[in-house]
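Asks: This structure is in structure tokens; I'll ask about it shortly.
The values are calculated or read from the model by the stated rules, or taken from the named source; none is laboratory data. Not measured: the values here are computed from a predicted model. Neighbour counts are summed over all protein chains in view; Cβ atoms, including those assigned to glycine, are modelled from backbone coordinates with ideal geometry.
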Amino acid sequence: MQRKAFIPFAVLFLTLLPAARLAAQSAAAATLVKAGKLLDPRTGNVMSPAALLIEDGKIKEVGSPSQLQAHIPASAKTIDLGGATLLPGLIDAHTHLLLDVVVPPTAESARRYNGDFAPDLMLAVVESPSKRVLLGAQMAREDLDSGFTTVRNLGHAGIDGDTALRDAIDAGRVSGPRILASGRKITSLGNYLQSLNPALAEAILRQEFFEVANLEEGRRAVDENLFYNVDVIKVALDDDGVGISTPIMSAMVEEAHRAHKKVAAHAAGKGAIQIAIDAGVDSIEHGNEVTDEQLKTMRDKGIFLDITPTFWSGFFSAITEPSIVRLPVSRADQVASDERRHARVANFIQRILKSGVKFAAGSDMCWFYPGKTRGQASATMFSHLHEAGMPALDIIRAVTVNAAQMLGWQDRVGAVEPGKLADLIAVSGDPIADIGELEHVRFVMKDGHLVKNDFATP
Ligand SMILES: [Zn+2]
């Protein structure tokens with residue numbers, strides 16, 4: 001038979017395959033996953049009971065257990081999750097895996113404050129690139145363990161830290177989510193490094209950013225990132241809308257789109273948001289001061305708003321109080337500012353929902369959170385969004401179907417459907433009734449490979 005004749009070649013070929021390829025081959029065996037419920041974030045429908053047939057790392061069939069059990073291959077392995085609820089793997093659309101900022105005590109911050117560039121961030125980015133990429137490997141593993149099977153890493157990764165981490169994960173060298181990497185963040189002159197010691201500023205800058213002042217530099221920054229094989233371009237626009245102008249931004253968007261890469265723009269202020277909209281970016285990160293008019297234009301142009309609820313719900317107090325000394329006055333200021341923020345973000349969420357703009361969510365997590373892993377810290381965003389008034393189903397959509405579309409990966413991830421990659425999570429309870437369930441993901445599968453299963457009986 002033809003198959004037999006090929007065996008020597010197949011054996012030879014297999015010996016040449018790297019470890020990751022071999023691992024992928026072992027996933028080729030069919031797996032049946034059964035659970036009490038399967039939530040479809042797109043429709044909000046729940047299938048109960050539910051089963052999935054997984055083959056070659058992809059979802060082959062979705063249906064009731066009795067339907068699927070009738071015709072699955074005899075060799076198929078079964079994973080029974082009991083009464084658990086299955087969902088698509090979560091997507092964190094705004095991460096900083098190579099950054100773990102420790103907030104210093106108030107006095108230390110005050111002494112080292114250097115204008116726009118906060119001392120805690122500066123201390124984090126001057127670490128050696130090797131140290132940071134190993135830190136990134138830890139953060140990636142912790143993210144995956146909390147159910148984030150895909151992340152988009154938007155800057156602060158050294159020159160090529162996030163593309164290297166992505167490749168290492170894809171090759172099976174380290175465990176982590178599938179990463180869309182952006183390489184170096186493109187900024188305007190002086191945006192981040194105001195009044196930093198000039199003798200050090202250049203070296204820090206080159207490791208972390210591209211500073212651009214004109215069209216040529218803008219295009220070159222995009223091209224240089226493309227040389228490192230980035231998946232997406234990240235540009236930080238100044239919050240006051242000065243710095244990178246609309247023509248410079250447009251040139252960068254054009255350059256990125258020519259290479260079929262999307263552009264994510266950090267834009268918090270109204271002016272910055274307008275530049276991002278006029279230049280035709282694909283997503284606006286943060287968008288704090290977006291107006292109703294701008295939301296409408298974004299909706300019409302199909303520009304995504306990527307909501308980053310990091311500092312909502314008293315987050316700063318939560319990460320600082322257990323570990324650092326803060327002046328009483330600074331603590332009181334923090335409480336007052338948390339209250340003001342709550343009213344602001346509740347209004348922000350209502351306007352977003354009403355506008356019909358497409359939205360996703362990202363943790364923007366880059367902070368050392370005492371007692372929590374990076375994944376657990378990032379998962380606090382779900383309750384932050386809920387406390388600001390976003391319904392649970394919208395939150396789940398923001399980190400599954402919507403995020404997949406924003407990334408341009410809607411054919412691969414974000415839904416539990418035949419043909420999609422087998423990225424799955426499961427929780428014990430009902431995440432629609434209690435969004436906090438997503439902070440306790442108990443089963444994770446990526447590409448059909450089991451990452452963890454707390455439901456398994458030993
Ligand atoms: Zn960020």
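Asks: Please go through the range 326-351 and give me each residue that is assigned to a loop (DSSP other than H, G, I, E, B) and free of Cβ contacts under 8 Å to residues at least 12 places away in the same chain, ordered by number.
Replies: Within the range 326-351, no residue meets the criteria.
Asks: Taking Met381 as the residue in question, decide whether it is within 16 Å of the ligand (Cβ to nearest atom) and buried (at least 17 other Cβ atoms within 10 Å of the Cβ). Even if it seems obvious, please write down each step before you answer.
Replies: On the way: within 16 Å of the ligand (Cβ to nearest atom): yes; buried (at least 17 other Cβ atoms within 10 Å of the Cβ): yes.
Against the criterion (within 16 Å of the ligand (Cβ to nearest atom) and buried (at least 17 other Cβ atoms within 10 Å of the Cβ)), Met381 qualifies.
Asks: Write out, first by first residue and then by second, each pair whose Cβ atoms fall under 7 Å of each other, whose residues are 6+ apart or on separate chains, and whose first residue, in the range 224-250, is closer than 17 Å to Lys262 by Cα while the second is hydroxyl-bearing (Ser, Thr, Tyr) and part of a strand (DSSP E or B).
Replies: Ala236/Thr187
Okay, residues lined up against (1) under 20 Å from the mean Cα position of the chain (by Cα); (2) exposed (fewer than 15 other Cβ atoms within 10 Å of the Cβ); (3) under 20 Å from His384 (Cα atoms):
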position	(1), (2), (3)
Asp282	yes, no, no
Glu293	no, yes, no
Thr310	yes, no, yes
Pro322	no, yes, yes
Ala332	no, yes, no
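Asks: Sticking with this structure for a sec: Since Gly429 meets every condition but one in (1) of a type in the set (Gly, Ala, Ser); (2) within 29 Å of Arg341 (Cα to Cα); (3) outside the structural domain of Ala137 (by TED's automatic domain parsing), which condition does it not meet?
Replies: So the condition that Gly429 fails would be (2).
Asks: Here's something else I'd like to know. Being buried (at least 18 other Cβ atoms within 10 Å of the Cβ), within 16 Å of the ligand (Cβ to nearest atom) and under 26 Å from Thr320 (Cα atoms), is that true of even one residue in the range 384-394?
Replies: Within the range 384-394 (the criterion being buried (at least 18 other Cβ atoms within 10 Å of the Cβ), within 16 Å of the ligand (Cβ to nearest atom) and under 26 Å from Thr320 (Cα atoms)), the answer is yes, since at least one residue qualifies.
Asks: Which pairs turn up if I take residues in the range 79-97 that are within 23 Å of Glu417 (Cβ to Cβ) and more than 16 Å from the ligand (Cβ to nearest atom) and look for partners that are among the β-branched types (Val, Ile, Thr) and in a loop (DSSP other than H, G, I, E, B) with beta carbon separation below 6 Å, at least 6 apart in sequence or on another chain?
Replies: Pairs found: Pro88/Thr400; Pro88/Val416; Leu90/Val399.
Asks: Is there a residue being within 16 Å of the ligand (Cβ to nearest atom) and surrounded by 14 or more Cβ atoms within 10 Å (Cβ to Cβ) anywhere in the range 349-360?
Replies: There is at least one residue in the range 349-360 that is within 16 Å of the ligand (Cβ to nearest atom) and surrounded by 14 or more Cβ atoms within 10 Å (Cβ to Cβ).
Asks: I need the full set of residues from the range 128-175 which are more than 16 Å from the ligand (Cβ to nearest atom), in contact (Cβ under 8 Å) with a residue 60 or more places away in the chain and under 16 Å from Thr95 (Cβ atoms), in order please.
Replies: Gln138, Glu142, Leu144, Asp145, Ser146, Gly147, Thr149, Thr150, Thr163, Leu165, Arg166, Ser175
Asks: Within the range 30-86, restricting attention to residues that are more than 21 Å from Ile435 (Cβ to Cβ) and in contact with a helix residue (DSSP H, G or I) (Cβ under 8 Å, 6 or more places away or on another chain), which residue is surrounded by the most Cβ atoms within 10 Å (Cβ to Cβ)? Let's see the steps before the verdict.
Replies: From the range 30-86, those more than 21 Å from Ile435 (Cβ to Cβ) are 30-34, 49, 51-80, 82; that's our starting set.
Filter once more, so that each one left must be in contact with a helix residue (DSSP H, G or I) (Cβ under 8 Å, 6 or more places away or on another chain): 32, 34, 49, 51-53, 57, 61.
Numbers: Leu32: 19, Lys34: 20, Pro49: 14, Ala51: 23, Leu52: 25, Leu53: 23, Gly57: 17, Glu61: 16.
Here the residue is Leu52.
Asks: Follow-up. How many residues are closer than 22 Å to Leu98 by Cβ, aliphatic (A, V, I, L, M) and modelled with pLDDT of 75 or more if we restrict to the range 183-200?
Replies: The total comes to 1.
Asks: On to the next question. Give the range 98-127 a look and list any residue that's at pLDDT below 75, farther than 19 Å from Phe311 by Cα and away from the ligand (no atom under 16 Å from the Cβ), or say none.
Replies: Those that are at pLDDT below 75, farther than 19 Å from Phe311 by Cα and away from the ligand (no atom under 16 Å from the Cβ): Arg112, Tyr113, Asn114, Gly115, Leu123.
Asks: Can you confirm whether Gly280 is under 14 Å from Gly302 (Cα atoms), away from the ligand (no atom under 16 Å from the Cβ) and not hydrophobic (A, V, I, L, M, F, W, C)?
Replies: Details: under 14 Å from Gly302 (Cα atoms): yes; away from the ligand (no atom under 16 Å from the Cβ): yes; not hydrophobic (A, V, I, L, M, F, W, C): yes.
When the stated conditions are applied, Gly280 passes them.
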